[in-house]
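The values are calculated or read from the model by the stated rules, or taken from the named source; none is laboratory data. This is a predicted model, so every value here is computed, not measured. No Cβ is skipped: glycine too gets one built from the backbone with ideal geometry, and neighbour counts run over all protein chains shown.
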Amino acid sequence: MGLMILSASLKKTIKSLILFILMKRKCKMKFFLDTAEIDEIRALYDTGLVDGVTTNPSLIMKSGRDIFEVTKEICDLVDGPVSAEVAALDYETMVREAAALYNIADNICLKVPLTVDGIKTCKHFADQGLKVNVTLCFSAAQALLAAKAGATFISPFVGRHDDIGQNGMALIADIRQIYDNYDFQTEILVASTRHPVHITDSALIGADVVTLPAKVLNQLFKHPLTDNGLAGFLKDWEKTGQTIA
C-alpha cells in the first residue's frame, strides 16, 4: 500500500487539534470557597489552593455583616473571582443591583438565578465582557440556556439533588457532555457540595470548578492511613535521637 501524503493544510489542522487537546489537559480544576466568613477564607487562602469565593444571600446573612463591606473585604483578600448575588427577581432591578455589586471590585462575578429575568441579566452583562455566574441550576436544559446566554459559570447544585433521591453527579456528567458537544466556554461550577466524594467525582467527570465549604476542603486532607503512617514515622524518628534543624 502506498503512503498517504497529507496536505500542508491538513497537517496544520491536525497539529492545531493536538495542541488544543494538550492545552485542555493543562487546565487545572479550580477550588472556590463557599463562604462569607473572612477567617475561614484567610486560613485556607494561605494554602494556595483557593482560586475564588462564592457567596449568596444566606451566607451573607450567616456572616452578620453588611453585604458591601464583607464582599469588598473578600475581594481584597482573594485574587480570583468573587461571586456576589442579586436579591431581585425582575430584570430592571437585577440590572440596578448588578451595577452596585460590580462597583465593589474588579474581581466581582455577578450571580443571578436561573430564571427568565436572570438569564436576560446574564446576557446583558456577558455581552459587555463581565463575569456572570448563573446559579440554582437543576437540569441540563437549564445549563444549556445559561451557556447560550454567555454565562462565565453555571452552578448546578449536586447536594440538593441528592437530598431528593436523585443523582447530582449524573447532572454534572450530562452538562459536561452538552458543553463539550458544542464547545461552550461556560465553566461548570459544581455547587452544594457536601463531602469529599462530590469533589473527586466532579474531577473525574471533568468539572471546571467546585465550590465547597471550608469544612469539606479541610476534609480532603484527611485519611486515617495518613495519620497512622505519620504517627509511626514520628515514633521511629524519636528512637534515632536525631534532629534535622
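Within the bounds of the stretch 211-218, is there any residue that is under 15 Å from residue 135 (Cβ atoms), within 19 Å of the chain's Cα centre (by Cα) and of a type in the set (Gly, Ala, Ser)? No, the stretch 211-218 contains no residue that is under 15 Å from residue 135 (Cβ atoms), within 19 Å of the chain's Cα centre (by Cα) and of a type in the set (Gly, Ala, Ser). Scan the stretch 174-195 for residues that are surrounded by fewer than 19 Cβ atoms within 10 Å (Cβ to Cβ) and assigned to a helix (DSSP H, G or I) and the total you get is 7.
The number of residues in the stretch 101-118 being crowded, with 23+ Cβ neighbours inside 10 Å and β-branched (Val, Ile, Thr) comes to 1. Kindly indicate the residue of the stretch 196-223 that is part of a loop (DSSP other than H, G, I, E, B) and in contact (Cβ under 8 Å) with a residue 40 or more places away in the chain and also nearest to residue 127 (Cα to Cα) among those meeting that condition. Of everything passing the filter in the stretch 196-223, 208 is nearest to residue 127 (Cα to Cα). Applying a threshold of 8 Å to beta carbon distances and a minimum spacing of six or more residues, or different chains, the list of pairs starting in the stretch 226-245 at a residue that is free of Cβ contacts under 8 Å to residues at least 12 places away in the same chain and ending at one that is of a type in the set (Val, Ile, Thr) is empty. Given the residues 143, 151, 100, which is the only one that is in a loop (DSSP other than H, G, I, E, B) and small (Gly, Ala, Ser)? Every option except 151 fails the conditions. Counting only residues that are hydrophobic (A, V, I, L, M, F, W, C) and under 18 Å from residue 61 (Cβ atoms), the stretch 79-99 holds 6 of them. Close Cβ contacts (under 9 Å, 6 or more residues apart or on different chains) running from residues in the stretch 36-47 that are surrounded by 14 or more Cβ atoms within 10 Å (Cβ to Cβ) to residues that are polar (S, T, N, Q) comprise 36/55; 36/56; 36/63; 36/71; 37/63; 38/63; 41/35; 44/218.
Of all the listed residues (125, 68), the sole one being in a helix (DSSP H, G or I) and under 27 Å from residue 39 (Cβ atoms) is 68.
The requirement of being in contact with a Gly (Cβ under 6 Å, 6 or more places away or on another chain), modelled with pLDDT of 65 or more and not in a helix (DSSP H, G or I) is fulfilled somewhere in the stretch 26-36, by at least one residue.
Only residues that are touching a strand residue (DSSP E or B) at 6+ places or on another chain (Cβ under 6 Å) and of a type outside the set (Ser, Thr, Tyr) were counted across the stretch 189-211, and they come to 8.
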